[in-house]
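Novice: What follows is a single structure, and I will ask about it in a moment.
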Amino acid sequence: MSDLLNLVLEAHGGLPRWREARTIRAKGSLGGLLWPMRGQEGIFAEADMTVDVQRQHLVYEGFTGPELRGVFTPGRVAIEKRDGEVVAERTAPRESFADHGPDTPWDELHALYFAGYAMWNYLTAPYLLTRPGVVLTEAEPWQEDGTTWRRFHAAFPEDIATHNTEQVFYYDSEGLLRRQDYAPDVLGSPSAAHFAEQHVTASGLVFPTHRYIVPTQEDGRALREPVLISIDLTEISVD
């Protein structure tokens with residue numbers, strides 16, 4: 001591993017701790033303009049997530065109703081009752097975005113797929129970057145508001161559901177995640193900057209609890225608004 005990857009992993013709890021972690025539980029809220037733009041305003045206003053650290057699997061408790069849950073995997077999303085009865089499901093969910101334009105309304109399963117893979121990626125990083133097939137290349141440092149951040153260019157394999165194949169991760173001098181750039185395929189590949197703040201430690205692992213995503217300019221500089229997505233976590237624990 002590179003010295004930057006070592007620094008980043010240690011700053012977020014260390015590789016051995018990530019390898020032994022099984023489940024991340026988090027509660028909070030996902031807001032921003034994206035949800036009303038897609039006809040799903042407030043769908044994640046109260047988000048109760050259970051994340052499998054070692055495989056791509058995430059569950060939203062109370063999804064669309066108090067007795068329901070939303071289940072994400074890369075190949076299937078489903079709304080289920082607590083006893084496992086399927087209320088609605090979609091296989092090959094990424095394909096359902098193929099003919100979408102910038103204003104195409106989503107249904108609840110579209111929202112579940114997007115928020116499922118996105119939050120799984122966010123909550124498992126930087127361990128995510130050690131998965132088989134992920135190729136990391138350190139890029140030139142980046143100046144942001146008078147500070148210098150080191151950067152990884154990450155190329156993801158097809159078997160990881162994520163925003164898009166090529167992404168950039170930015171870290172401060174302590175190795176903490178501060179920014180992430182991507183262009184989500186399912187949204188038509190608009191360039192976005194995702195900022196991460198207010199890090200906390202939970203059971204030995206470190207997570208940002210406030211995140212926000214804004215558009216970027218051609219030179220890579222982030223706009224201050226509009227806030228496309230906001231993520232605020234109020235509770236987090238690791239088993």
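The values are calculated or read from the model by the stated rules, or taken from the named source; none is laboratory data. These figures come from a predicted structure and were not determined experimentally. Note that each Cβ is placed from the backbone with ideal geometry, even for glycine, and that neighbours are counted across all protein chains shown. Side chains included, ligands, DNA and RNA excluded: accessible areas come from the protein's heavy atoms. Shrake-Rupley method; radii C 1.70, N 1.55, O 1.52, S 1.80 Å.
Novice: Determine which single condition Thr137 fails, assuming it passes every other condition in (1) open to solvent by less than 70 Å² (accessible area, probe 1.4 Å); (2) at pLDDT 95 or above.
Specialist: (1)
Novice: Return the pair list, or none, for Cβ contacts closer than 9 Å from residues in segment 142-156 that are in contact (Cβ under 8 Å) with a residue 40 or more places away in the chain to residues that are in a strand (DSSP E or B) and of a type in the set (Gly, Ala, Ser), at least 6 apart or on different chains.
Specialist: If the second residue must be in a strand (DSSP E or B) and of a type in the set (Gly, Ala, Ser), the pairs left are Arg150/Ala139; Phe152/Ala139.
Novice: Another question, then. Based on this model, can you work out whether Thr165 counts as surrounded by fewer than 19 Cβ atoms within 10 Å (Cβ to Cβ), hydroxyl-bearing (Ser, Thr, Tyr) and without any contact (Cβ under 8 Å) to a residue 24 or more places away in the chain?
Specialist: Considered against the rule, which asks whether it is surrounded by fewer than 19 Cβ atoms within 10 Å (Cβ to Cβ), hydroxyl-bearing (Ser, Thr, Tyr) and without any contact (Cβ under 8 Å) to a residue 24 or more places away in the chain, Thr165 comes out as yes.
Novice: Can you report the number of residues in segment 143-196 which are of a type outside the set (Gly, Ala, Ser), out of contact with any helix residue (DSSP H, G or I) (no Cβ under 6 Å at 6 or more places or on another chain) and under 24 Å from Gly13 (Cα atoms)?
Specialist: In the first step, residues of segment 143-196 are kept if they are of a type outside the set (Gly, Ala, Ser); the result is 143-145, 147-153, 156-160, 162-172, 174, 176-182, 184-187, 190, 194-195.
Now restrict to residues that are out of contact with any helix residue (DSSP H, G or I) (no Cβ under 6 Å at 6 or more places or on another chain): 143-145, 147-149, 151-153, 156-160, 163, 165-170, 172, 177-182, 184-185, 187, 190, 194-195.
With the extra rule that they be under 24 Å from Gly13 (Cα atoms), the set shrinks to 147-149, 151-153, 156, 160, 167-170, 172, 177-181, 194-195.
Going through segment 143-196 one residue at a time, the tally reaches 20.
Novice: Anything in segment 20-61 that is of a type in the set (Gly, Ala, Ser), closer than 19 Å to Ile236 by Cα and either open to solvent by 40 Å² or more (accessible area, probe 1.4 Å) or without any contact (Cβ under 8 Å) to a residue 12 or more places away in the chain (or both)? List them, or say none. Spell out how you get there, then give the answer.
Specialist: Kept after step one, since they are of a type in the set (Gly, Ala, Ser), are these residues of segment 20-61: 21, 26, 28-29, 31-32, 39, 42, 45, 47.
With closer than 19 Å to Ile236 by Cα added as a condition, the list becomes 21, 26, 28-29, 31, 45, 47.
Within segment 20-61, Ser29, Ala45 qualify.
Novice: Can you tell me which residues in segment 62-75 are surrounded by fewer than 19 Cβ atoms within 10 Å (Cβ to Cβ) and small (Gly, Ala, Ser)?
Specialist: Within segment 62-75, Gly62, Gly65, Gly75 meet the criteria.
Novice: Looking at segment 119-141, which of its residues are free of Cβ contacts under 8 Å to residues at least 60 places away in the same chain and outside any loop (DSSP other than H, G, I, E, B)?
Specialist: The answer is Asn121, Leu128, Val135, Thr137, Ala139, Glu140, Pro141.
Novice: With the checklist (1) open to solvent by 20 Å² or more (accessible area, probe 1.4 Å); (2) more than 21 Å from Arg38 (Cβ to Cβ) in hand, flag the one item Ile160 doesn't pass.
Specialist: Every listed condition holds for Ile160 apart from (1).
Novice: Oh, and also: Might you check whether a residue that is touching a strand residue (DSSP E or B) at 6+ places or on another chain (Cβ under 9 Å), among the hydrophobic types (A, V, I, L, M, F, W, C) and open to solvent by less than 30 Å² (accessible area, probe 1.4 Å) occurs anywhere in segment 86-103?
Specialist: No, segment 86-103 has no match at all.
Novice: Of the conditions (1) modelled with pLDDT of 95 or more; (2) of a type in the set (S, T, N, Q); (3) open to solvent by 40 Å² or more (accessible area, probe 1.4 Å); (4) over 21 Å from Thr201 (Cβ atoms), Ser2 satisfies every one except a single condition; which number is it?
Specialist: Of everything listed in (1) modelled with pLDDT of 95 or more; (2) of a type in the set (S, T, N, Q); (3) open to solvent by 40 Å² or more (accessible area, probe 1.4 Å); (4) over 21 Å from Thr201 (Cβ atoms), Ser2 misses just condition (1).
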